[in-house]
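Data first, discussion second: the structure below is written as structure tokens.
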Amino acid sequence: MYLLIILLPLLGSFFSGLFGRFVGFRGAVLLTTSGVLLSFFLSCVAFYEVALQGSSCTIELSPWFVSELFDATWGFYFDSLTVVMLIVITSISSLVHIYSIGYMGQDPHLPRFMCYLSIFTFFMLMLVTADNFIQMFFGWEGVGLASYLLINFWFTRLQASKASIKAMLVNRVGDFGLALGIMAIFSVFKTLDFSTVFALSPYLADTQIVFCNLEFHALTCICLLLFVGAVGKSAQLGLHTWLPDAMEGPTPVSALIHAATMVTAGVFMIARCSPLFEYAPKALLVVSFLGAMTCFFAATTGLVQNDLKRVIAYSTASQLGYMVFVCGLSHYSVGVFHLMNHAFFKALLFLSAGSVIHALADEQDMRKMGGVVQLLPFTYAMMCIGSFALVGFPFLTGFYSKDVILEVAYARYTLSGNFAYLLGSICVLFTSYYSFRLLFLTFLAPTATFKSSLKTVHDAPFIMAFPLMLLALGSIFVGYLARDMMIGLGTPFWSNALFVLPKNSVLLESEFIPQTQKFLPLISTGAGAALAYIFNISQVWASYRLKMTNAGKNLYRFLNKRWFFDKVYNDFISENALKFGYTISFKTLDKGSFEILGPSGIAHSFINMGQYISRLQSGLVYHYAVVMLLGIVILITVISLWEFLEILLDNRFYFVYLISFLFYNYYSIKKTHSVDG
């Protein structure tokens, strides 16, 4: 049963991808959707057995490869953390599959799309069920590949192709850090099995490791390298630039990437490695600071975005910041609880946005919408539920996890806790503002869309509406139903899945913080809604005049251009890398020194030198005698002066000569280009 949870999406993807032309439109849809649905029902059984009955399960399937001390096996580990992720992944993926039948119904390549969705689900299931780091890395790279295929699904669109390449390259940076972290784990622990590594972590807490010729605290170094992987996959500040551009893929892809797969992988990995992070307090400090800064950055950027899906994308990055910084404060259970809650209302928001875009003839600019509340009442209701859950409205799903995150941050009474609480509280206001701004501009503002689009506006058909209704139920009730079970005081739900040192647990203290701090998020939510109404409905000219002041222009430009991260990366990294690749690597090395010193250059030189060398073959004995005499004199001179020459011709001079040669060629080529220009 446990293996079927993982294999069913793979089989659906396999048959849809290879035999899509034979099984046809309906066959591909039936195979992939039924496979993921069966996987969801089996995940529910696994959740009952493992999480509710406390019976964790380990499956050793077969050896993968064995090399001296290093051995990797195909093994699967099902504990409370795994089965929670299984429920989230399979439920959201099933609903996205069903929604895609209606949304992508007119696309001729639907079997390929369903194949990609299922393979995405399979790789994410492999990631969360792995019992060792190598298998987790296999799933980690697999979701990166699947995201590339899905973002680039409409590969004839230039922007989709560029966005998929950007997502792949940015994630390669993070994956490089994760790979180094896994190598460091093997160097210290001599194994990559989770159970062994986590059991040994307290005994090796004071171990040192040499990294880049410098000595570091081993677990701090390992955790920071692992966190680099999480920064790339979960779009934290620095490697976040791929996430908004991933909106170029079809809307169901955005829902799957942002809600249940891909971006949640980093948070899951931090929670899974909690026994390592607990013994690396400096790494936890970095995690909490970067998570809080990501939360603030994404929230401020989302304030002024005009693309419907891009606003929701930045809200995802902001919520991921909440999850990461609460994990950095050693409250992994709260982070995973918010991850689960967030999956439901974020999928609801994206799929509702897809319904709006579908109804308005693929229009995504909120400035060209408005006034469609009477034409799309069902979609408006679903979007309202998702937005209210996102802002943490009382008694909806987001309220039960988001407020707890701020409370435990306040109760830490440390620098990182205060920093995270301050930025997190400010972000509540920003989140409320852009969420209500989205509702006002899309549905309630005076209409600004084309009449030709309004003629064909229609609400979501049943095949698209059914997943929205189920997600709405999840967005209303899941937080309330699961709160005491997952983050209640003294709950045995997580068992040994998450590890927290006793000194780092402050969940009890968070119950006794001042009431002012507990009501602050609700006050901020109301203030954000009021500001959104004033600036976008009642006093639109006031917001325009504010934006046209010098300070307003500069601030708007700064936020709208995403803090100029993309410009800095393009101007200072990408452009210089491309210049290096062309002028140094290609022209100077490949077409320059390598060609001159290589077989081609030597052969060419000998062809030219042949006519001169042939003149030395005069046929006169005294000419040859003179050459032999000169050779012997030079040989004796070199042997007698060898010690002096050895000092004079130090090997380091060759390195200096090589560097000088490269720089000379580079600047000569640059000078030539400037003269030609």
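The values are calculated or read from the model by the stated rules, or taken from the named source; none is laboratory data. Just so it is clear, the structure is predicted and the values come from calculations on it, not from any experiment. In this analysis, Cβ positions are derived from the backbone assuming ideal geometry, glycine residues included, and neighbour counts consider all displayed protein chains.
At-a-glance table
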| read-out | value |
| --- | --- |
| Residue satisfying condition, being in contact (Cβ under 8 Å) with a residue 12 or more places away in the chain and part of a loop (DSSP other than H, G, I, E, B), within set Pro446, Pro467, Pro521 | Pro446 |
| Which numbered condition Leu290 misses (of (1) under 15 Å from the mean Cα position of the chain (by Cα); (2) crowded, with 24+ Cβ neighbours inside 10 Å) | (2) |
| In region 359-369, the residues that are at pLDDT 80 or above and in contact with a helix residue (DSSP H, G or I) (Cβ under 6 Å, 6 or more places away or on another chain) | Leu360, Gln364, Met366, Met369 |
| Matching residues, region 78-90, being surrounded by 24 or more Cβ atoms within 10 Å (Cβ to Cβ) and among the hydroxyl-bearing types (Ser, Thr, Tyr) | Thr82, Thr90 |
| Which listed residue, of Phe430, Phe395, Phe345, Phe399, is surrounded by fewer than 18 Cβ atoms within 10 Å (Cβ to Cβ) and not acidic (Asp, Glu) | Phe395 |
| Enumerated helices (runs of 4 or more DSSP H) restricted to region 167-267, each holding at least 2 residues that are hydroxyl-bearing (Ser, Thr, Tyr) and surrounded by fewer than 16 Cβ atoms within 10 Å (Cβ to Cβ) | 194-200 |
| Residues satisfying the stated conditions in region 3-26, i.e. more than 31 Å from the chain's Cα centre (by Cα) and without any contact (Cβ under 8 Å) to a residue 24 or more places away in the chain | Phe19, Phe22, Arg26 |
| Residue satisfying all of: in region 434-491; polar (S, T, N, Q) and within 30 Å of the chain's Cα centre (by Cα); farthest from Gly335 (Cα to Cα) among these | Thr442 |
| Check on Ser593, hydroxyl-bearing (Ser, Thr, Tyr), assigned to a helix (DSSP H, G or I) and modelled with pLDDT under 80 | yes |
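Let's see how each residue does on (1) in a helix (DSSP H, G or I); (2) in contact (Cβ under 8 Å) with a residue 40 or more places away in the chain; (3) within 30 Å of Ser94 (Cα to Cα):
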position: Lys346; (1), (2), (3): yes, yes, yes
position: Ser355; (1), (2), (3): yes, yes, yes
position: Val373; (1), (2), (3): no, yes, yes
position: Phe419; (1), (2), (3): yes, yes, no
position: Thr442; (1), (2), (3): yes, yes, yes
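Per-residue answers, yes or no, for (1) touching a residue at least 24 places away in the same chain (Cβ under 8 Å); (2) farther than 13 Å from Thr261 by Cα; (3) more than 22 Å from the chain's Cα centre (by Cα):
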{"position": "Val88", "(1), (2), (3)": "yes, no, no"}
{"position": "Ser91", "(1), (2), (3)": "yes, no, no"}
{"position": "Ser100", "(1), (2), (3)": "yes, yes, yes"}
{"position": "Tyr103", "(1), (2), (3)": "yes, yes, yes"}
{"position": "Phe113", "(1), (2), (3)": "yes, yes, no"}
{"position": "Ile119", "(1), (2), (3)": "yes, no, no"}
{"position": "Met124", "(1), (2), (3)": "yes, no, no"}
{"position": "Val128", "(1), (2), (3)": "yes, no, no"}
